[in-house]
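Novice: To start, I am sharing the structure in question, which I have written as structure tokens.
The values are calculated or read from the model by the stated rules, or taken from the named source; none is laboratory data. Nothing here was measured: the structure is a model prediction, and the numbers come from that model. Methodologically, a virtual Cβ is constructed for each residue, glycine included, from the backbone with ideal geometry; neighbour enumeration extends over all protein chains shown. Accessible surface is based on the protein model in full, side chains and every heavy atom, while ligands, DNA and RNA are left aside. Shrake-Rupley method; radii C 1.70, N 1.55, O 1.52, S 1.80 Å.
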Amino acid sequence: AAMHDDYVSVDFYRAAVSLADDGGFDIVMGDTVWVQENGDCVVRPLHRDLLPDEPLYGDDVRKAFFAQEMSCYSWHTIWNKVYRKSLFDQCLPVFTSLDAHVIMTEDIAFSSVLMHRARSLARLKDDGVFYCMHAASSTNAAYADKKRFFKHYGDIVTVFDFVERYLVAENDEASLAHLANARRWYCRMWADARRQCASRGTDKGRADALT
């Protein structure tokens with residue numbers, strides 16, 4: 001598990017570890033609740049529709065993860081899950097090849113490798129992580145500050161290149177096709193912010209690499 005300024009439901013870790021131990025799962029995924037700055041809690045139904053109701057085994061873990069093409073944050077964020085240490089140890093040599101300082105979309109880098117190698121996954125319903133949204137978060141701050149925006153945009157390029165290299169090495173054409181669609185989606189999602197920076201006279205050369 002990995003956490004920062006967010007918090008979990010009171011029984012999340014006990015329930016998740018118990019489910020992992022009882023079922024022998026490599027990964028157990030909890031729900032995600034978005035907490036607005038005013039304290040309102042929001043659950044995104046469309047994201048929940050992309051999550052598995054039943055446990056996944058074997059290649060189905062990898063297929064389900066890449067099929068959602070990074071459109072569901074609950075799938076690719078790393079902090080709403082617990083992981084079997086042996087799985088993390090198996091992935092560590094791949095992680096160490098990412099030697100850049102990455103702030104934005106680092107979850108995609110880690111989760112893509114973990115989900116690609118996991119052989120079992122279960123979803124823990126009604127327990128999970130409360131993700132606190134605020135103006136100083138990486139995404140919000142990136143839109144407001146030109147220098148930070150291009151740093152984060154560069155991070156996205158770095159992460160997608162990293163995952164692409166990994167999947168090429170694994171000779172996984174199906175996942176590569178899904179990753180290409182995810183890359184295009186992230187490009188569209190950040191297009192407005194890129195245009196805002198360009199309109200302020202910033203060189204957009206690094207940002208073009210995502211496309």
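Novice: Given (1) in contact (Cβ under 8 Å) with a residue 60 or more places away in the chain; (2) part of a helix (DSSP H, G or I), identify the lone condition not met by A122.
Specialist: Answer for A122: the failing condition is (2).
Novice: Let me ask something else. Can we say L56 is touching a helix residue (DSSP H, G or I) at 6+ places or on another chain (Cβ under 7 Å), farther than 20 Å from R184 by Cα, open to solvent by less than 10 Å² (accessible area, probe 1.4 Å) and modelled with pLDDT of 95 or more?
Specialist: So L56 fails the test.
Novice: Restricting to the range 35-53, and then to whatever is outside any loop (DSSP other than H, G, I, E, B) and touching a helix residue (DSSP H, G or I) at 6+ places or on another chain (Cβ under 9 Å), can you tell me which residue is least open to solvent (accessible area, probe 1.4 Å)?
Specialist: It comes out as H47.
Novice: Next question. Between residues in the range 61-77 that are aromatic (F, W, Y) and residues that are assigned to a loop (DSSP other than H, G, I, E, B) and modelled with pLDDT under 95, which pairs lie under 9 Å by C-beta distance while being six or more apart or on different chains?
Specialist: Hits for this filter: Y73/R44; Y73/N80; W75/L50; W75/L51; W75/Q68.
Novice: Is it fair to say D31 is open to solvent by 20 Å² or more (accessible area, probe 1.4 Å) and either assigned to a helix (DSSP H, G or I) or farther than 20 Å from F95 by Cβ (or both)?
Specialist: For D31, the condition - open to solvent by 20 Å² or more (accessible area, probe 1.4 Å) and either assigned to a helix (DSSP H, G or I) or farther than 20 Å from F95 by Cβ (or both) - is not met.
Novice: Output the residue which, of all residues in the range 169-205 that are over 22 Å from the mean Cα position of the chain (by Cα) and not polar (S, T, N, Q), is modelled with the highest pLDDT.
Specialist: R195
Novice: Count, please, the residues in the range 65-92 that happen to be over 10 Å from H116 (Cα atoms) and either in a helix (DSSP H, G or I) or hydroxyl-bearing (S, T, Y) (or both).
Specialist: Result for the range 65-92: 15.
Novice: Which one is modelled with the lowest pLDDT among residues in the range 6-23 that are surrounded by 13 or more Cβ atoms within 10 Å (Cβ to Cβ) and assigned to a loop (DSSP other than H, G, I, E, B)?
Specialist: D6
Novice: Of the residues in the range 101-119, how many are in contact with a helix residue (DSSP H, G or I) (Cβ under 6 Å, 6 or more places away or on another chain), of a type outside the set (A, V, I, L, M) and either assigned to a loop (DSSP other than H, G, I, E, B) or closer than 16 Å to V10 by Cβ (or both)?
Specialist: Of the residues in that region, 1 qualify.
Novice: Here's a follow-up. Taking only the range 99-119 into account, find how many residues are more than 16 Å from K151 (Cβ to Cβ) and either of a type in the set (F, W, Y) or open to solvent by 10 Å² or more (accessible area, probe 1.4 Å) (or both).
Specialist: 6
Novice: Another one. Which ones in the range 169-180 are loosely packed, with under 14 Cβ neighbours inside 10 Å and touching a residue at least 60 places away in the same chain (Cβ under 8 Å)?
Specialist: Matches in the range 169-180: A174 only.
Novice: Among (1) over 23 Å from V163 (Cβ atoms); (2) out of contact with any Asp or Glu (no Cβ under 9 Å at 6 or more places or on another chain); (3) without any contact (Cβ under 8 Å) to a residue 24 or more places away in the chain, there is one condition L19 misses while meeting the rest; what is its number?
Specialist: (3)
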